[in-house]
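Inspection log for the structure reproduced underneath, given as C-alpha cells.
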Protein chains: 2
Amino acid sequence: MAARSYGQYCGITTAVELIGERWAMLIIRDLMVGARRYTDLQRGLPKIPSNILSTRLKELQEAGVVRRAPLYRTGLVYELTAYGRQLEPILLALGRWGFPKMGEPGPDDLVTADSLTMALRTAFRPDAAAALPAADYELHVGEVALRAQVDRSDLRIAQLAPNPALSPAAVVGDPDVVFAAGPGIRLVISGELTPAEAIDAGVVHIISGDATVLERFAETFHIDPLEARSAA
Amino acid sequence: MAARSYGQYCGITTAVELIGERWAMLIIRDLMVGARRYTDLQRGLPKIPSNILSTRLKELQEAGVVRRAPLYRTGLVYELTAYGRQLEPILLALGRWGFPKMGEPGPDDLVTADSLTMALRTAFRPDAAAALPAADYELHVGEVALRAQVDRSDLRIAQLAPNPALSPAAVVGDPDVVFAAGPGIRLVISGELTPAEAIDAGVVHIISGDATVLERFAETFHIDPLEARSAA
DNA sequence: CCGGATCCGAATCGATACTG
DNA sequence: CAGTATCGATTCGGATCCGG
C-alpha cells in the first residue's frame, strides 16, 4: 500500500508522506513519551478507529519511525526508532505553534496523560528553569495526574494516574506543591493570568503544599502566544 | 466546515488540525518562498485537484495561516500571515528529517522551482557558509533554474526559470559557476559524493564557470543523513 | 488566462462488531 | 491483548465547466 504520492521529489514532501497521514502525528506524540502497547495507544487516542491505528502502526514501521519490541514474556510494545525520536524538536515546535490557537476546549475534548506530558515539555523553558531553584510539582488535570520534577535545565515527568504502570521509574520524595487545574491552565502558561489570579479565578486549586511555588511553575512553563519561537 | 476533530485539548493536536490536512503543508511550503497566485500554486503542485486547493486555501485563511492580497489592479495572491511564517523553522526541520528517506525519484516525481528553493534553504548551513568566501551559484535541475547567492551566513535565492516573473528582485552580476544537476545532487548534499566525484559520475554537469566553487557549495549545503539535527 | 465551482467515481476514514 | 472484518459516511482525485 504505497502512500498516495504527491509526485514531488523533495524532503518536505517525503516527510509529509511518511508522517502526514491522519492520526500519525498523535501516535508519534504518545510514543514520544515512552513505549506503548496497542491498547495503551487506544486509551490515549480514544477516538481513533482500531483499523486506522493498526494501519498507521504498520506504515510507521515501514517508514522506520516506529518499531515493535517484546514486553515481558508475552505482550509487545511499540516504540520510536532513533529516526522517529529525531522528530522530537519538530513535535515540540508544532505544539508551541498550535498553542495560541487552542481556544476553549470543546465539550468532547479531553486531556490525556501523554498529551499533557508533551504539553509540559512543549512549554518547558530550560533557560528560565536553570535560573530558578529546583522544583517538584504534582499536577492534576481531570483524571490525569503527573509529577514534574525540574532540576536546573532538566525536566522529568512521571505519570501517576490514571495509568502509572509504565512510568519510567518510581518517583521518590514529596512534591513541593500539589495542585489541580482546568483547561484555563493555558492562561497561566501564556502569561494572561498570574498564578495568584488563576487561584482566585478558580482555574487552579492548591491541594497541598506551597502556593508560591507556582510562581516558579509559571516562569518555567511558558509559551508566549505572539513570539515566534525558534524550534531549538 | 469544522475540521474533523481529534477530540483532544492539546497544542500539537491543534496544530495538526490547522495544517495537517492533505496538501496543506505543501501549499505552505510554496508560499514560504513568496506570495503566489492560485494558478501559480496549481503549477507548483501539478497533482493537486483544483477543488482541494480551493478548500485548503479557505481553511488556511480561516486558521490565520494564509491571507489573500490584491496584486496589481486585478489579480490576487495568497501569502502567509506572520503566524504562518512562524512555521518556517518547522518546515525546514521537516525537510531535513525527510531528506534521508528520499531515495530515488519515482518516474512521475518532479522538482519544482519552489520545492527546490525550499530544499536549498533546508540544506543551508549558515555557520559553515559564514566561514567561507561569498559564492554565487546558478543551478539547473530539469526545467528549473535558480540563482543562489551566499554571502556570509546569508542566503538569497531567485528563481530564473521556468517562471521568473515573481522573483523577489532582479539579480545582478554573473554567477561564479553555472551547473546542471540531476536528482543525484542529493548525494552531494549528503556527502556521499564529493563534487568532483559527482561530475565524474555525470550527476553534475558544469555549464560554465569555476568547478572548484562546487566544493564551497557542498560545504554550504549539507544534510548529514545520520545526525539528529535540532530544528534551530 | 485567472480563479475558482460542480459533478462523480474511487479511495479512505470512522464506527462497530468480531476473533485468535 | 492485539488486532481483522465489515460497511456506511466522508473525503479525495480527476475532469469538466463557468463567469470575469
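Tabulated values for the structure
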{"read-out": "Index of the failed condition, A:Gly20 passing every other in (1) away from DNA strand C (no atom under 13 Å from the Cβ); (2) facing chain B (nearest Cβ under 7 Å); (3) surrounded by 19 or more Cβ atoms within 10 Å (Cβ to Cβ)", "value": "(1)"}
{"read-out": "Within the range B:34-48, tally of residues that are of a type in the set (A, V, I, L, M, F, W, C) and either within 21 Å of A:Thr122 (Cβ to Cβ) or buried (at least 21 other Cβ atoms within 10 Å of the Cβ) (or both)", "value": "2"}
{"read-out": "Criterion violated by A:Thr14 - all others in (1) among the hydroxyl-bearing types (Ser, Thr, Tyr); (2) surrounded by fewer than 21 Cβ atoms within 10 Å (Cβ to Cβ); (3) without any contact (Cβ under 8 Å) to a residue 12 or more places away in the chain satisfied", "value": "(2)"}
{"read-out": "Selection within the range B:191-221 - among the aliphatic types (A, V, I, L, M) and closer than 20 Å to B:Pro105 by Cα", "value": "B:Leu193, B:Ala198, B:Ile199, B:Ala201, B:Val203, B:Val204"}
{"read-out": "A:Gly75 small (Gly, Ala, Ser), more than 12 Å from DNA strand D (Cβ to nearest atom) and over 27 Å from B:Gly84 (Cβ atoms)", "value": "no"}
{"read-out": "Of residues in the range B:87-109 being crowded, with 22+ Cβ neighbours inside 10 Å and within 17 Å of A:Pro225 (Cα to Cα), the one farthest from the other protein chains (Cβ to nearest Cβ)", "value": "B:Leu87"}
{"read-out": "Breaking point among (1) more than 21 Å from A:Gly11 (Cβ to Cβ); (2) without any contact (Cβ under 8 Å) to a residue 40 or more places away in the chain, for B:Pro133", "value": "(2)"}
{"read-out": "Members of the range B:61-75 that are aliphatic (A, V, I, L, M), within 12 Å of DNA strand C (Cβ to nearest atom) and in contact with a helix residue (DSSP H, G or I) (Cβ under 8 Å, 6 or more places away or on another chain)", "value": "B:Val66"}
{"read-out": "Among residues of the range A:25-47, those that are away from DNA strand D (no atom under 11 Å from the Cβ) and either basic (Lys, Arg) or farther than 17 Å from A:Leu116 by Cβ (or both), counted", "value": "2"}
{"read-out": "Test: B:Gly84 is away from DNA strand C (no atom under 16 Å from the Cβ), within 14 Å of chain A (Cβ to nearest Cβ) and at positive phi", "value": "no"}
{"read-out": "Test: residue in the range B:119-137 that is farther than 22 Å from B:Ser190 by Cα and within 8 Å of chain A (Cβ to nearest Cβ)", "value": "no"}
{"read-out": "Residue within the range A:33-43 that is within 16 Å of DNA strand C (Cβ to nearest atom), facing chain B (nearest Cβ under 9 Å) and either without any contact (Cβ under 8 Å) to a residue 40 or more places away in the chain or of a type in the set (D, E, K, R) (or both) present", "value": "no"}
{"read-out": "Test: residue in the range B:49-60 that is away from DNA strand C (no atom under 16 Å from the Cβ) and surrounded by 15 or more Cβ atoms within 10 Å (Cβ to Cβ)", "value": "no"}
{"read-out": "Count - residues of the range A:71-88 that are modelled with pLDDT of 95 or more and either part of a loop (DSSP other than H, G, I, E, B) or in contact with a Pro (Cβ under 9 Å, 6 or more places away or on another chain) (or both)", "value": "5"}
{"read-out": "Unique match (being modelled with pLDDT of 95 or more, within 16 Å of DNA strand C (Cβ to nearest atom) and closer than 25 Å to B:Glu192 by Cβ) among B:Thr112, B:Thr117, B:Thr122", "value": "B:Thr112"}
{"read-out": "Residue in the range B:54-62 that is within 22 Å of B:Ala93 (Cβ to Cβ) and either more than 15 Å from DNA strand D (Cβ to nearest atom) or in contact with a strand residue (DSSP E or B) (Cβ under 8 Å, 6 or more places away or on another chain) (or both) present", "value": "yes"}
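The values are calculated or read from the model by the stated rules, or taken from the named source; none is laboratory data. What you see is a predicted model; the values in this text were computed from it and never measured. Every residue, glycine among them, receives a Cβ derived from its backbone with ideal geometry; neighbour counts consider all protein chains shown.
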